[in-house]
Each structure stands twice: as structure tokens, then as C-alpha cells.
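A short write-up of the structure that comes next.
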Amino acid sequence: MTLNAGRKASAGSNQTRSNKPSTASNSSNITPEDESERLSADLALFLSNPSLQSALADGSLDLASYSSTINSELATLERECIALHRQAAPDIRILRDEMDVCDSILAGLQEMLLGFQADLSGLSGDIRQLQEQSRSLAIKVDNRREAEEGLRLFLERVVVPPNLAEVICRGDVDELFLECVKDLEEKYAYVHLTDRDIEDAACPDPGFTASAGVPPAWTVAGKEMEEHLAKLRLRAISRTRTYFL
């Protein structure tokens, strides 16, 4: 029992030394004062065991035999540790190879993910560019629709349809003739609108919306149609006079 108590005290001393900062690898930095302090601590821990104190007091503890036993046990433990290390060496080698393979796979995955990230960055830029182009095209389409609608209204008020000209020039003087003359007068009045008529409450096109804010009399189409409308107007007047005479 005394010998086992001493071993426990020695093991406790070794554990205490192992919990301290490693000094074995830095033995060149150990001063005599540090060595003396460490030795005193080990002795104090060794003598703190009551069984060892009583064994030392009655002289039943043989320090030489105790030291030899400890050294023998340490050598046995060392051999067992080396044997266990040799036994586990193949497994450790296999584990090391598997870790190298895993590192290689992870490196490949990292490189692939970085490539995906770069591709996504490029796609993000392309998507933003497409969105900007889509918005630009949408604005252009809206503008063209507005221009088309305005142009349609303007042409309806300026251009003389072939059937209208046919009725005025060769048709019978009847209700259809009167309707065509009425349309002709509206077109004639419209192409003669100027900037002075823009604020007129009776203006058929307030603000000249159909002609994009330009007075119809100033437009190329309006100027071209003035002569044709004037000729048709004179033809309508002539046929009306002939009809009543």
C-alpha cells in the first residue's frame, strides 16, 4: 500500500509538471532558481501523502527499490506505447492518405465554386444589361405607340379618302354628298389652323395634340393638302350651285 501511494504521489507530481508550461523543450532557459523551486514543489507533493510520511518515518520505504520499480514501470509503459504506435501506424498512414485525398477534393470543389461565382457575377451583369435594354425597349415601344396614335389622328383629319373625293367629284348630290362636304369643310378648317387658334375654345384639336404641338398649317402634310382641299372645296361649291340652278 505504501508503494502504491508513492506511485500515486509520483504520478500526481508528473501530472502537475505536465500542467505547467513546457520547459523540457526550453531547458536552456531554465535557471537554477527555477530548478530548485520545481524540485521543492515535487518534494512537497511527494511528502503530502500521509502513507509516505509514515513509511519514511519508520524507515520501511526503500527509496532505491522504489526508484527502480518506477523506472521499470516507465520502461514497460514506454514499450507498450511504442508497440501501440507501431500497431496503429498502418491505420494512421491510411488516414493520412484519405485526408490528402479529401484535401484534394475540397481544393477542386473550392476551385469549381469560385468558377461558379465568377460565372454568376458575369450572368448578373448580363441580366442587368438585359433589364436595362428591356426598359429602354419598353419606353421606345410606348413612344412609338403614342406617335402612331398621334399620326393616325392627324392623318384622319388631313388626308382625303378616295371615296370622299369620288362622291364630291362624281357622286349624286344627296345626303351622302352633304356628309362628305361636311367632312371636307372640317379638314379644310383643320389644315388652316395656326398658332393663334391654339387657345380658341372652338379649336377641334386643343393644344394641337394630333400634330405634336405644331399648328397643322405649318406642317408639310398640311401645306400639301391645302391645295387639294381647296380644289375639292371649289368642286363641291360648283356642283352645289349647279344642283340648285
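The values are calculated or read from the model by the stated rules, or taken from the named source; none is laboratory data. Owing to the predicted nature of the structure, the values given are computational and were not obtained by experimental measurement. As a convention, Cβ positions derive from the backbone with ideal geometry for all residues, glycine included, and neighbour counts pool all protein chains shown. Just the protein is used for accessible areas: all its heavy atoms, side chains included, with ligands, DNA and RNA removed. Shrake-Rupley method; radii C 1.70, N 1.55, O 1.52, S 1.80 Å.
Some observations on this one:
- Pairs with Cβ under 7 Å, 6+ apart, first in segment 147-173 and free of Cβ contacts under 8 Å to residues at least 40 places away in the same chain and outside any helix (DSSP H, G or I), second open to solvent by less than 30 Å² (accessible area, probe 1.4 Å) and not acidic (Asp, Glu): 171/177
A quick yes/no check of all residues on (1) open to solvent by 80 Å² or more (accessible area, probe 1.4 Å); (2) at pLDDT 75 or above; (3) in contact with a Leu (Cβ under 8 Å, 6 or more places away or on another chain); (4) assigned to a loop (DSSP other than H, G, I, E, B):
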position	(1), (2), (3), (4)
199	yes, no, no, yes
225	no, yes, no, no
228	yes, yes, no, no
234	yes, yes, no, no
237	no, yes, no, no
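- Identity of the residue in segment 60-79, hydrophobic (A, V, I, L, M, F, W, C) and modelled with pLDDT under 80, that ends up surrounded by the fewest Cβ atoms within 10 Å (Cβ to Cβ): 64
- Checking 155, 184, 176 one by one, the residue that is surrounded by 11 or more Cβ atoms within 10 Å (Cβ to Cβ) and more than 24 Å from residue 215 (Cβ to Cβ) is 176 and no other.
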